[in-house]
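All remarks here apply to the structure that follows.
The values are calculated or read from the model by the stated rules, or taken from the named source; none is laboratory data. Because the structure is predicted, anything quoted here is derived from the model rather than measured. Here Cβ is always computed from backbone atoms with ideal geometry, including for glycine, and neighbour counts include all displayed protein chains.
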Amino acid sequence: MDILEKARQYEKENHVLAEERPAFHAAPPVGWMNDPNGFSVYQDTIHLFYQYYPYGTEWGSMYWGHLKTKDMIRWEDCPAALAPDENYDKDGCFSGSAIETEAGHVLIYTGVSKDETGLHTMQGQCIAVGDGTNYKKIAENPVIRGNMLPCGFSRAHFRDPKVWKCGDTYHMAVGNSDEEGNGQIVLFSGKDVTHWQYEGVLAHNGGTLGRMWECPDFFELDGTYILICSPQDMKAAGYEFHNGHNSLYFLGSYDKEEKRFLKGAPRSLDYGLDFYAAHTTCLPDGRRILIGWMQSWDSNFIPPEQKWKGMITLPRELSVRDGALIQKPIRELEHYRQNKITYQNKTVEGETHFEGICGRLLDLTVEISSGTFDEFSIDLAKDAEHYTRFLINRKKGILEIDRTYSGMIRDVVCIRRAELPEAGRGLKLRFIMDYSSIELFINEGEKVLSTVIYTPLSARGITFGCDGSAVVQLEQYDIEL
Ligand code: FRU
């Protein structure tokens with residue numbers, strides 16, 4: 001049996017029960033998941049692929065796992081799409097993108113191969129064409145080899161192609177590093193997906209912002225160009241860039257003649273403990289949707305008995321407001337909201353609980369409209385032993401997440417802080433909770449914090465705390481699928 005067929009058989013036989021996986025977040029049927037790949041629409045269905053190792057909960061030789069969905073809330077497992085079964089990708093089918101063409105659904109990924117010594121790695125861009133279930137690698141692979149890059153550019157760090165079409169030309173942005181190991185994004189173009197030519201360096205890190213730039217994405221939104229990338233090995237600066245490997249965006253302009261992106265300041269896409277490798281697609285209705293891997297490379301503990309590892313964030317609708325990227329939960333989530341409970345103008349003093357405000361599959365909005373206090377906290381997934389705390393410190397102007405008591409039995413990072421939007425404005429916090437995750441959207445998507453928790457599902461409590469007095473509005477829905 002070939003190795004793709006073997007993996008398909010394995011995932012069928014070892015499929016983890018639905019109730020042991022996230023309810024509405026994309027996750028692997030079994031085994032390991034990292035980056036989202038090939039997020040695309042093909043024949044009116046949304047497809048999502050991902051970096052996948054079915055045989056264990058650690059990263060291994062990479063396959064492409066596959067899911068499809070109509071609404072990005074209910075995900076359907078499809079058989080694994082790609083396996084590392086050719087000479088040019090025997091050490092992994094790394095990240096990439098997908099696009100619908102007349103020839104079918106085209107997957108563009110990085111084929112990784114090491115030489116016999118194991119010391120030299122080649123990364124090249126490869127194509128597989130399929131019908132939404134089965135994909136065939138083409139004979140011309142790799143369609144872009146490292147030797148098409150200018151002299152000195154790394155052939156070993158040349159990965160994660162993002163392809164899009166403009167008029168009758170295909171464009172591809174690829175992560176790369178230069179002779180000094182600095183991150184850059186290189187650009188290719190082609191009249192079809194098989195024949196490409198090198199165009200230039202779209203963006204360069206200028207010797208700052210980490211090393212290799214992984215997982216690029218580049219698009220126009222609301223009249224601005226946006227570059228997304230995931231730099232490895234970043235140093236923290238203030239409250240920014242604490243994940244080591246971080247996912248960033250830049251707003252800027254695009255010089256079409258020079259094929260160069262003139263980038264503004266770097267900004268974090270997410271301030272939580274678990275987020276990397278962001279990737280977008282544009283839906284037929286015009287919405288630009290972003291997803292990310294909801295895990296940090298360095299903080300990836302799971303309960304020992306769990307047979308799957310890695311999730312994709314809730315998809316987010318992107319827009320640009322006041323020079324910043326706004327990320328909102330996809331509106332499709334609202335179709336699954338049930339059992340609305342609201343409280344208007346309630347006072348929180350000391351520890352406070354509101355009847356009916358509890359649960360683990362939730363869409364909960366907490367609006368703090370006024371009050372005199374320094375600290376305000378919200379404890380989620382709570383019982384006598386557990387809670388995940390979101391603490392607002394108005395004096396310091398920060399919001400802190402603490403998951404120390406969220407089922408961790410290893411020495412993992414548990415606390416992260418983010419600067420709050422300027423004081424004086426009200427604060428609206430929308431929490432989206434699935435069984436093993438909490439995503440917080442601040443002020444209609446000005447900032448997002450994504451974090452994995454492994455609290456037992458029986459911990460369903462929610463309490464509020466305040467060292468003074470605060471007036472809040474609450475709106476809670478259960479998510480029912
Ligand atoms: C990002 C990344 C990509 C690579 C893939 C390998 O998390 O390192 O650059 O293609 O993961 O699994």
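Any chance region 217-228 includes a residue that's hydrophobic (A, V, I, L, M, F, W, C), surrounded by fewer than 22 Cβ atoms within 10 Å (Cβ to Cβ) and either farther than 20 Å from GLY38 by Cβ or outside the structural domain of ARG288 (by TED's automatic domain parsing) (or both)? Yes: one or more hits.
When residues in region 28-56 are screened for being within 16 Å of the ligand (Cβ to nearest atom) and surrounded by 19 or more Cβ atoms within 10 Å (Cβ to Cβ), 17 of them pass.
Counting the residues of region 137-146 that are surrounded by fewer than 20 Cβ atoms within 10 Å (Cβ to Cβ), of a type outside the set (A, V, I, L, M) and more than 16 Å from the ligand (Cβ to nearest atom) gives 2.
Among the residues of region 389-442, those identified as surrounded by fewer than 18 Cβ atoms within 10 Å (Cβ to Cβ), part of a loop (DSSP other than H, G, I, E, B) and either assigned by TED's automatic domain parsing to the domain that holds ARG21 or without any contact (Cβ under 8 Å) to a residue 40 or more places away in the chain (or both) are LYS395, LYS396, GLY397, ASP411, PRO421, GLU422, ALA423, GLY424, ARG425.
Of all residues in region 103-132, exactly one satisfies the criterion of being under 23 Å from the mean Cα position of the chain (by Cα) and part of a loop (DSSP other than H, G, I, E, B), namely GLY132.
Take the residues of region 88-102 that are crowded, with 21+ Cβ neighbours inside 10 Å and within 14 Å of the ligand (Cβ to nearest atom): which is farthest from THR121 (Cα to Cα)? The selected residue is SER97. Residues considered: LYS346, LYS309. Of these, the only one that is basic (Lys, Arg), at negative phi, modelled with pLDDT of 95 or more and outside the structural domain of ASN243 (by TED's automatic domain parsing) is LYS346. For first residues located in region 11-40 and more than 24 Å from ASP363 (Cβ to Cβ), partners that are away from the ligand (no atom under 16 Å from the Cβ) and in a helix (DSSP H, G or I) and lie 6+ apart or on another chain with Cβ distances below 6 Å form the pairs PRO29/GLU11; VAL30/GLU11. Would you point out the residue of region 147-184, among those that are of a type in the set (A, V, I, L, M, F, W, C) and part of a loop (DSSP other than H, G, I, E, B), that is nearest to the ligand (Cβ to nearest atom)? Per the criteria, the residue is ALA156.
For region 133-165, a residue qualifies if it is farther than 17 Å from HIS47 by Cβ, within 25 Å of the chain's Cα centre (by Cα) and not aromatic (Phe, Trp, Tyr), and the qualifying residues are ALA156, HIS157, ARG159, ASP160.
State yes or no: is LEU262 surrounded by fewer than 16 Cβ atoms within 10 Å (Cβ to Cβ) and not assigned by TED's automatic domain parsing to the domain that holds ILE401? Criteria met by LEU262.
Only residues that are in contact with a Leu (Cβ under 7 Å, 6 or more places away or on another chain) and farther than 30 Å from GLY238 by Cβ were counted in region 347-404, giving 4. Pairs meeting the criteria (first residue in region 141-161 and closer than 19 Å to GLY181 by Cβ, second residue away from the ligand (no atom under 16 Å from the Cβ) and assigned to a strand (DSSP E or B), beta carbons under 8 Å, at least 6 apart or on different chains) are LEU149/TYR198; PRO150/TYR198. Residues in region 185-214 that are among the polar types (S, T, N, Q), more than 16 Å from the ligand (Cβ to nearest atom) and surrounded by 12 or more Cβ atoms within 10 Å (Cβ to Cβ): SER189, THR194, THR208.
Every residue, every condition in (1) closer than 16 Å to LYS447 by Cβ; (2) within 17 Å of the chain's Cα centre (by Cα), yes or no:
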| position | (1), (2) |
| --- | --- |
| TYR225 | no, no |
| ASP233 | no, no |
| ALA236 | no, no |
| HIS245 | no, yes |
| GLU258 | no, no |
| TYR271 | yes, yes |
| TYR276 | no, yes |
| HIS279 | no, yes |
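Of all the residues in region 228-240, those that are touching a Lys or Arg at 6+ places or on another chain (Cβ under 9 Å) and more than 16 Å from the ligand (Cβ to nearest atom) number 2.
Out of curiosity, is SER177 hydroxyl-bearing (Ser, Thr, Tyr), out of contact with any Asp or Glu (no Cβ under 7 Å at 6 or more places or on another chain) and under 27 Å from LEU119 (Cα atoms)? Yes: the conditions hold for SER177. Residue-level analysis places TYR109 among those that are crowded, with 19+ Cβ neighbours inside 10 Å and within 16 Å of the ligand (Cβ to nearest atom).
Consider region 57-87. How many of its residues are away from the ligand (no atom under 16 Å from the Cβ) and either under 17 Å from the mean Cα position of the chain (by Cα) or over 29 Å from LYS114 (Cα atoms) (or both)?
Residues in region 57-87 being away from the ligand (no atom under 16 Å from the Cβ) and either under 17 Å from the mean Cα position of the chain (by Cα) or over 29 Å from LYS114 (Cα atoms) (or both): 12 in total.
Answer yes or no as to whether THR463 is modelled with pLDDT of 95 or more, of a type outside the set (A, V, I, L, M, F, W, C) and more than 19 Å from PHE354 (Cβ to Cβ). In short, no.
Entry remark, region 246-256: residues being within 16 Å of the ligand (Cβ to nearest atom) and surrounded by fewer than 20 Cβ atoms within 10 Å (Cβ to Cβ) number 0 in total. When GLU76, GLU100 are checked against the criterion of being free of Cβ contacts under 8 Å to residues at least 12 places away in the same chain and part of a strand (DSSP E or B), a single residue qualifies: GLU76.
Taking into account only those residues within region 285-337 that are under 19 Å from LEU251 (Cβ atoms), part of a loop (DSSP other than H, G, I, E, B) and touching a residue at least 12 places away in the same chain (Cβ under 8 Å), which is farthest from the ligand (Cβ to nearest atom)? It comes out as GLY323.
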